[in-house]
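A.B. asks: Before I ask anything, here is the structure I am working with.
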Amino acid sequence: MKSVATPFALCVTALALLTAGGGCSLWSRGDPSRSLDAATSENADVVGDLAVPYGLHPIPVESIGLVTGLRGTGSDPLPSPERQYLLAEMQRRGVDSPNTILASPDTALVLLRGYLRPGIQRGDRFDIEVRVPSRSETKSLLGGYLLEVPMREMAVLGGAIREGRTLASGEGPVLVDPNADPAKDPIYATRGVILGGGVSRTSRTLGLVLKPEHQSVFNSARIQTVVNRRFSLVHRGIQEGVAKAKTNEYIELKVHPRYKDNIERYLAVIRAIPLKDSETDRVRRLGELQQQLMDAEKAGAAALKLEAMGTPAVATLKEALQSPHAPVRFYAAEALAYLDCPDAAPVLGQIARDEPAFRVYALSALSTLNDLESVQQLRSMLSLSSAETRYGAFRALSTLNPNDPMIMGEKLGDQFWYHVLNVDGPPMVHVTKSRKPELVLFGSHIRLNHPPMLEAGNRIMLTSPEPGKIVVSKFTPNEADQKRFVSENLDEVVRAVVELGGTYPEVVQMLQQAKAGGYLMARFEVDALPEPGRRYLPQSAPDQEQLRGPLVEDNPEAPQSETDAAAEGDRPSKMGVSAEGGPSVSEASAPEETAATRRPGLLQRLGLRKSSD
């Protein structure tokens with residue numbers, strides 16, 4: 001079929017050729033199609049002067065579903081719009097006797113919510129919050145499994161549930177606080193999360209919207225030109241730009257792979273791209289930014305602007321790596337990492353180890369730098385005593401190359417990702433409460449020391465009849481008991497539990513009980529990632545004013561060095577959902593807002609509460 005270009009596309013193409021070649025004859029002759037806002041836009045310096053980002057807000061998707069597999073802790077839902085909705089959905093799917101199923105004490109009606117993050121693509125996964133309705137008689141969701149449901153934008157209007165189109169689907173085991181007593185903690189016993197249980201059925205686009213006073217075909221084409229000069233992709237062997245002017249007020253953006261885990265920084269860099277790129281302008285800008293970069297207070301903004309300039313700024317950034325000031329070295333190295341310069345790796349590695357204020361951002365930058373030096377820096381951190389540094393390094397390595405032999409794992413029982421690392425350092429067990437179900441053993445010889453009894457969900461029990469031996473048993477009504485005999489090696493125990501049908505929440509429950517009882521011979525951590533918002537205080541000048549890290553949230557209790565982090569010992573474990581997102585660059589560019597950051601009281605204690613050790 002012969003394609004037909006739209007008038008707007010032809011106009012943009014023509015204007016793009018003019019702006020790329022520096023031609024301005026179309027306007028110099030007083031062409032009437034040139035709007036007054038195009039003239040006032042000539043003084044704009046960077047893309048951000050003309051346009052603002054679009055698509056950075058999370059989209060909530062909701063549903064009403066059925067959790068099964070409860071051991072008598074469910075309930076028959078009371079008459080409500082939610083019950084009617086679920087009945088209609090079950091009838092639509094051809095379920096026999098839906099009222100009988102709802103009345104079973106082994107099932108529960110639940111409310112679901114998830115968020116489609118900015119830039120999410122079709123098939124990408126996200127976490128789902130699970131809770132029972134406020135008047136529900138359900139006592140606990142422990143051991144429950146959510147049957148597959150469609151997820152949509154929903155609202156209750158006029159006593160009825162209204163819904164939009166299906167944007168995602170959800171399914172999976174519910175992770176609940178195993179310590180929550182239904183009699184004392186009914187809220188926490190009836191709320192949970194399904195890690196990676198949501199699957200997006202749509203791809204979200206990003207873009208730039210021109211400010212009202214600058215909306216014109218000329219400016220739209222102008223932005224397309226400068227952005228594509230800085231960022232391009234190779235699609236089917238053909239190089240193409242990431243920006244496409246769709247209208248006189250909107251430019252659609254494709255995500256560059258280097259920024260796929262840091263959308264906020266990507267758009268911040270694009271907005272900092274210069275609109276004028278003559279040799280004279282470039283030299284002037286480099287000179288000004290070089291001076292600002294060497295000032296610790298201005299280094300962050302200057303490095304971002306240099307990153308937006310691309311290759312011409314590499315030499316200037318490299319010079320700053322020799323600065324005596326850690327913030328200057330960090331911001332320069334961070335920008336160089338996103339410019340794929342391997343010189344950044346040693347500096348970022350040192351900062352990740354020694355500077356807690358910049359640790360999370362240094363690790364994120366290392367995860368974008370596909371270079372041997374970067375890999376070596378991250379591997380060396382896997383044996384450190386700081387839990388957040390070693391797990392942060394593991395996460396960065398997984399992002400860089402999930403098949404790295406040092407950290408490569410397996411999908412155990414098609415339930416969760418399982419990694420056993422043969423590394424030095426203190427033994428540590430790490431579980432996740434966000435992003436995806438994952439269990440990491442730092443050390444291949446971690447033991448369970450003679451536990452008298454541990455539970456893994458409603459059906460599986462562990463006992464130790466004698467030191468060095470553990471019996472894993474599964475009890476199911478109307479079925480023969482199953483048993484596995486293993487040693488006290490934790491790897492063998494985990495595999496036995498999964499072999500008997502144990503899910504990720506059940507394995508986490510077993511580990512939490514083992515730690516609380518003193519039977520787990522290792523440190524136990526949950527989502528031990530470096531925190532943003534810490535303050536940087538130069539060690540040589542403790543009385544000077546503190547400098548903020550890249551985020552604005554204060555955390556005065558954060559450890560200030562690797563030594564301090566190691567001295568903490570086993571910090572209290574908590575199963576809260578941590579915010580996802582890469583390093584931010586300004587107050588207006590915070591990490592992706594998640595359900596947990598919006599409502600900290602809701603998920604603060606989902607899963608594992610603080611242990612007493």
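A.B. asks: What percent do you get for the relative contact order of the range 170-285 when only Cα pairs under 8 Å and 6+ apart count?
C.D. replies: Values: 124 pairs, mean separation 23.4, N = 116.
In percent, rounded to a whole number, it is 20.
A.B. asks: Please arrange Glu279, Glu334 by accessible surface area, largest first, computed with a 1.4 Å probe and ligands excluded.
C.D. replies: Correct descending sequence by accessible area is Glu279, Glu334.
A.B. asks: Using a 1.4 angstrom probe and counting only protein chains, how large is the accessible area of Arg131 in Å², to 10?
C.D. replies: Result for Arg131: roughly 80 Å² accessible.
A.B. asks: Could I have the simple spin-label model distance between Ser278 and Arg535, label points 7 Å from Cα toward Cβ, reported in nm to one decimal?
C.D. replies: It works out to 4.6 nm between the two label points.
A.B. asks: Show Leu363, Leu372 ordered by accessible area, largest first, where the area counts protein heavy atoms only and the probe is 1.4 Å.
C.D. replies: Leu372, Leu363
A.B. asks: Semi-axes, largest first, in whole Å: what does sqrt of 5 times each Cα gyration tensor eigenvalue give for the range 75-156?
C.D. replies: Values: eigenvalues 118, 47, 33 Å².
Result for the range 75-156: semi-axes of 24, 15, 13 Å.
A.B. asks: What ranking of Arg191, Arg265, Arg83 comes out by heavy-atom accessible area, probe 1.4 Å, highest first?
C.D. replies: Numbers: Arg191 65, Arg265 5, Arg83 30 Å².
Final ranking, largest accessible area leading: Arg191, Arg83, Arg265.
A.B. asks: Mind listing the long-range amide H neighbours of Val46? Cut-off is under 5 Å, sequence gap 5 or more, other chains count too, H placed in the peptide plane at 1.01 Å from N.
C.D. replies: Residues meeting the criterion, in which the H sits 1.01 Å from N, are Leu275.
A.B. asks: Next up: According to a simple spin-label model (label point 7 Å from Cα along Cα-to-Cβ), what is the distance in nm between Ser169 and Glu319?
C.D. replies: 5.7 nm
A.B. asks: Roll a 1.4 angstrom probe over the protein heavy atoms and tell me the percent of accessible area of the range 402-445 that is carbon or sulfur. Write out the running numbers ahead of the final one.
C.D. replies: Values: 940 of 1870 Å².
Solvent-exposed carbon and sulfur of the range 402-445 make up 50 percent of the total.
A.B. asks: Quick one: accessible surface of Phe330, probe radius 1.4 Å, all protein chains present, in square angstrom to the nearest 10.
C.D. replies: 0 Å²
A.B. asks: Same structure again: So what's the range 187-229 giving for Cα Rg divided by 2.2 N^0.38 Å, two decimals? All intermediate terms of the calculation are to be shown ahead of the outcome.
C.D. replies: Numbers: Rg = 20.6 Å, N = 43, 2.2 N^0.38 = 9.2 Å.
Here the Cα radius of gyration is 2.24 times the empirical estimate.
A.B. asks: Further, regarding this structure: Give the accessible area for Glu499 in Å² (nearest 10); use a 1.4 Å probe, count only protein heavy atoms, and leave out ligands, DNA and RNA.
C.D. replies: 120 Å²
A.B. asks: Residues of the range 289-367: accessible area per residue at 1.4 Å, in Å²? Write down the numbers at each step before the final one.
C.D. replies: Values: 2510 Å² over 79 residues.
So the range 289-367 comes to 32 Å² accessible per residue, rounded to a whole number.
The values are calculated or read from the model by the stated rules, or taken from the named source; none is laboratory data. Everything numeric in this text was worked out from a predicted model, so none of it was measured. Counting neighbours? That spans all protein chains shown, and the Cβs are built from the backbone with ideal geometry, glycine included. In case anyone asks, the SASA skips ligands and DNA or RNA and just uses the protein heavy atoms, side chains included. Shrake-Rupley method; radii C 1.70, N 1.55, O 1.52, S 1.80 Å.
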